[in-house]
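The values are calculated or read from the model by the stated rules, or taken from the named source; none is laboratory data. Remember, it's a predicted structure, so these values are computed and weren't measured experimentally. Using ideal geometry, Cβ is built from the backbone for each residue, glycine included, and neighbour counts are taken over all protein chains shown.
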Amino acid sequence: MLRISHFLRKTPSVNGRILTTRGAKRSSGPSAMQLAQQRERAQNRDQLVKKAKKKQSSLRASAYRGNYTALPKIELPMAYRLVRAAEVGQPVACTTLSLGFRLVFDRGTPPVTGRVRLPYSFGSEDKLVVFTTDDSVAERALKAGAVLAGAEEVIEKVVGSPDNFTAALATPEIVPGLGKAARTLGPRGLMPTTRRGTVVQPSELENAIAARIGAREFRSHDVMLSIPFGRAHFSDIQLTENLRVVHEAVMNTIKDLNQTNKRRPMLVAEKYIASTHSPGIVLDNKLVL
């Protein structure tokens, strides 16, 4: 008598089990092991979220109390002496001092961005170009301080050597014609846009040029914001004046951001001064300049 198994064609084993082509039904849903793994991953995600929220609450509380760091707080004159000591023997161009901020904010908060014009400028000379089709406007731009102004010929020069320019403005009528140069100008920050305030009316051009020549842009990266404000060879008076302007610009920008999020505002947990070759010197968080 033949066994029933003789009429069944065996297939390769899966997980140690022999599958048959007759009467075999595949499961339409996940297995018990897969469900257990999914639950474990979900629990791990929940734990990571809870830890992140707890850490954020702790940082926010420390920022409120002013004890974010246990490092000693240094007064400005001593901070200047310390960073200058780290720059002894270094070239002047490599002795930049920066004011840093460590920020505490919730996810989704926009970065801190702005522009500040220092009383005592330093660094490379600004080279601003103006795109416009109006010859009279181009002439006014050159008198106001632009190094180049015009239409097609100017666009070709800038596209050919974009590294020779540091900023760009445009009048509204020429903006559609800049599209062909966007791939070159955009990555270098030379593409004028209305959102960034670099597309201006001809009547406002002189003021826009004056505001950008000698000005420095700043932008926070994650929780850190650092802005150069001087060289090590500057006097204490020059450094403090530049520092005051930078500090005021950043705090005003943060204040404006907090107008839309008063319940969970952005906080400054720490302020510090650092130079190119020095560590960060923590300042009093309640520093008033």
Looking at the range 239-256, can you tell me whether even one residue there is among the charged types (D, E, K, R) and at pLDDT below 90?
no
Considering residues that are assigned to a loop (DSSP other than H, G, I, E, B) and surrounded by fewer than 14 Cβ atoms within 10 Å (Cβ to Cβ), the number found within the range 177-196 is 4
Can you pull out every residue in the range 102-133 that is among the small types (Gly, Ala, Ser), within 28 Å of ALA170 (Cβ to Cβ) and in a loop (DSSP other than H, G, I, E, B)?
SER121, GLY123, SER124
Just wondering, is there one or more residues in the range 249-260 that are outside any helix (DSSP H, G or I) and assigned by TED's automatic domain parsing to the domain that holds PRO110?
yes
Output the residue which, of all residues in the range 92-106 that are of a type in the set (Val, Ile, Thr) and buried (at least 20 other Cβ atoms within 10 Å of the Cβ), is farthest from the chain's Cα centre (by Cα).
THR95
Among the residues of the range 43-52, is there at least one that is within 22 Å of HIS221 (Cβ to Cβ), modelled with pLDDT under 85 and surrounded by 12 or more Cβ atoms within 10 Å (Cβ to Cβ)?
no
Going by what's in this entry, would ALA149 be described as more than 18 Å from GLU217 (Cα to Cα), surrounded by 20 or more Cβ atoms within 10 Å (Cβ to Cβ) and touching a helix residue (DSSP H, G or I) at 6+ places or on another chain (Cβ under 8 Å)?
yes
Determine whether THR193 is in contact (Cβ under 8 Å) with a residue 60 or more places away in the chain and out of contact with any Asp or Glu (no Cβ under 6 Å at 6 or more places or on another chain).
no
Answer residue from the range 179-216, given it is among the aliphatic types (A, V, I, L, M) and in contact with a Pro (Cβ under 7 Å, 6 or more places away or on another chain) and is farthest from ARG117 (Cα to Cα) among those
LEU185
ASP222 - would you say it is on the phi > 0 side of the Ramachandran plot, out of contact with any His (no Cβ under 6 Å at 6 or more places or on another chain), without any contact (Cβ under 8 Å) to a residue 12 or more places away in the chain and exposed (fewer than 14 other Cβ atoms within 10 Å of the Cβ)?
yes
At pLDDT below 90, closer than 30 Å to VAL246 by Cα and not in a helix (DSSP H, G or I) - does that describe any residue in the range 134-145?
yes
Answer with yes or no whether ILE227 is touching a residue at least 40 places away in the same chain (Cβ under 8 Å) and more than 30 Å from GLN90 (Cα to Cα).
no
State yes or no: is LEU71 touching a strand residue (DSSP E or B) at 6+ places or on another chain (Cβ under 6 Å), closer than 30 Å to ARG231 by Cα and modelled with pLDDT under 70?
yes
